[in-house]
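The values are calculated or read from the model by the stated rules, or taken from the named source; none is laboratory data. Everything numeric in this text was worked out from a predicted model, so none of it was measured. All Cβ positions, glycine included, derive from the backbone under ideal geometry; neighbour counts span all protein chains shown.
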Amino acid sequence: MTPSANKPKVPNLLSLQRMVEQQFVEHFKTAPDFLVSSPGRINLIGEHTDYNNGFVLPAAIDKQMNIAVSKRQDDELHFVAADFKDSYTGSVQKLAKSSKQWPDYINGVLKELQNKGYRLSGMNLVVNSNIPAGGGLSSSAALECCVVYAMNEIYGLGLSKLEMVKIAQSAENNFVGLNCGIMDMFASMFGKKDQAILLDCRSLKYEYIPLELHQYSILLMDTRVKHSLASGEYNVRREQCEMGVRALRKIYPQVLSLRDANRAMIEYTLKDTVPDLVYTRCKYVVEENLRLQVGCEALRRNDLVAFGKKMFASHIGLSKLYDVSCPELDFLVELAREEHAILGARMMGGGFGGSTINLIRKPFINEVVERMGKSYKNRFGQEPLAHICNISDGTQVTSAF
Ligand code: GLA
C-alpha cells in the first residue's frame, strides 16, 4: 500500500483550478472574474501557543482550496460547493449563519469587511478543494483566506496580507464562533515554498526557516476522527489559560499572557493557587514555547534527529497535560515511536481527532504506512489516511479574466 493507495484519487492542483473555473462556467453560464487559491497548513511544533501570544512553526502545503468568483449587480449571493454538490443562496444585506456551515466561512469574511465599512455587492462563487475537511489541515482558514484575498482584488481594497489574515481570523472568531488564534490564516496567507514560518504571535514578526528535509518527508496520518473544535473544548482551553494568567498577574503584573510566564512562575506560584487543570494547561504552554525554540535551533543546524525528539515531547504534553489528544492520535504516535524510520511524530492542530505529523525517511514510507495502517485497522476498524505533503506558497490569484 502506498500513501496514496488508501485515499480517494484527487486531481492535482492545476487541474483543480481548471475544474473550479469550468464548474463556475457550467453553473453561472459566464466566466468568473478571478480564481484564487489558498493552501492548507501543517504545524511542525508550537501547538495551542498562538492564542497565548507564543511561537508557532507552521507551513503551507500542496493541498488547496480554490474559488472562482465574480461580482453581481444585485445583492444576491450564490455559492456552490462543488465537492459537496451543495449550494447556498442569500443576500449580502442579510448575512446570517447557515445550517450548512460551509457558507459561514465565506459570509463571515463578508461580514467582517462590512463591519470595517466596505460596501459589497452580491457575488457568484464556486469553491473546490483537496484539503481533507476535518483532517486538521485548516481547510476553513484556507477558504477564509481565499475569500478575503478575492474581495481585496475585486474591490481594490488595498489591504495588506497581515490585514487580510486578521480579517479572516475575526471571521472565524465572530461569525463561526471558534475563538481560534492567528496561526492557520497566517500560514495559509504567508506560506512560502520549502520554508516553515517561525511566527511570534505577540509581535507578529515572522521569519522563514528553510525546511531542508533531504532524505526525509512529512507524512500526515489522518485518524479519520472528525474534530469539532467549535463545540467547546477549544474555547475551554483558552479560558483555562486566561485563568492562569489572571492568577499569575496578581503576583507578576508584567505577565500579560502565558508568553510572559516562565517555568518557575508555573511551578512555584501557579501550582498552589489554581485548580490542577489550570496548572497543567499553563505548564504545557510554557514548556511548548521553550520546546519550539530549542527545536528551531535544531532545524537551523539541520539536526532533524533532535527536532524529532521535540515533536515526540510535544505530543506527550498535548496528550497528558493539555488533554487535546484522543486514543486514535495517541495510538498513531505510539506506532510511530516503534518505527526507526520516523524521527518524530505528534498530533497536529486543535486536536480531538484530525492528523498526526511524522518526519519519516523517504525510502521507508510505503512499508511504514502499511504497517501502521494494519495495526490501526486492527484496533479501530478502519485504516488511517496517509498523505505526503510538500511545502508550498500561500494565497494567490491564479487567474484574472
Ligand atoms: C487550531 C486553531 C489554531 C491553533 C491550533 C492549535 O488549528 O485554529 O489557531 O490554536 O488549533 O495550535
Segments classed as helices (runs of 4 or more DSSP H), wholly inside the range 259-367, with at least 2 members that are acidic (Asp, Glu): 276-300, 327-337
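So that you can scan it fast, the table gives a plain yes or no per residue for (1) surrounded by fewer than 17 Cβ atoms within 10 Å (Cβ to Cβ); (2) modelled with pLDDT of 95 or more:
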{"site": "GLU212", "(1), (2)": "yes, no"}
{"site": "ASN235", "(1), (2)": "yes, no"}
{"site": "PRO253", "(1), (2)": "yes, yes"}
{"site": "ASN262", "(1), (2)": "yes, yes"}
{"site": "VAL274", "(1), (2)": "no, yes"}
{"site": "CYS282", "(1), (2)": "no, yes"}
{"site": "VAL286", "(1), (2)": "no, yes"}
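Out of ILE197, ILE218, ILE209, I need the residue that is within 16 Å of the ligand (Cβ to nearest atom), part of a strand (DSSP E or B) and touching a residue at least 12 places away in the same chain (Cβ under 8 Å). Which one? Spell out how you get there, then give the answer.
Working: ILE218 fails: within 16 Å of the ligand (Cβ to nearest atom); ILE209 fails: within 16 Å of the ligand (Cβ to nearest atom).
Exactly one of ILE197, ILE218, ILE209 is within 16 Å of the ligand (Cβ to nearest atom), part of a strand (DSSP E or B) and touching a residue at least 12 places away in the same chain (Cβ under 8 Å), namely ILE197.
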Among (1) of a type outside the set (S, T, N, Q); (2) within 30 Å of SER138 (Cβ to Cβ); (3) outside any helix (DSSP H, G or I), the one test that TYR252 misses: (2)
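Given the structure, is ASN107 in contact (Cβ under 8 Å) with a residue 24 or more places away in the chain, of a type in the set (S, T, N, Q), under 19 Å from LEU35 (Cβ atoms) and touching a helix residue (DSSP H, G or I) at 6+ places or on another chain (Cβ under 9 Å)? So that I can check it myself, show each step before the final result.
Values: in contact (Cβ under 8 Å) with a residue 24 or more places away in the chain: yes; of a type in the set (S, T, N, Q): yes; under 19 Å from LEU35 (Cβ atoms): no; touching a helix residue (DSSP H, G or I) at 6+ places or on another chain (Cβ under 9 Å): yes.
The answer is no for ASN107.
Has the range 356-370 got any residue that is within 16 Å of the ligand (Cβ to nearest atom), within 22 Å of the chain's Cα centre (by Cα) and not β-branched (Val, Ile, Thr)? Break it down into steps so the answer makes sense when it comes.
Step one: filter the range 356-370 for residues within 16 Å of the ligand (Cβ to nearest atom), giving 356-357.
Applying the additional criterion that residues be within 22 Å of the chain's Cα centre (by Cα) yields 356-357.
Cutting the leftovers down to not β-branched (Val, Ile, Thr) gives us none.
Checked the range 356-370: no residue is within 16 Å of the ligand (Cβ to nearest atom), within 22 Å of the chain's Cα centre (by Cα) and not β-branched (Val, Ile, Thr).
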Among (1) within 27 Å of GLU239 (Cβ to Cβ); (2) without any contact (Cβ under 8 Å) to a residue 40 or more places away in the chain, the one test that LEU204 misses: (2)
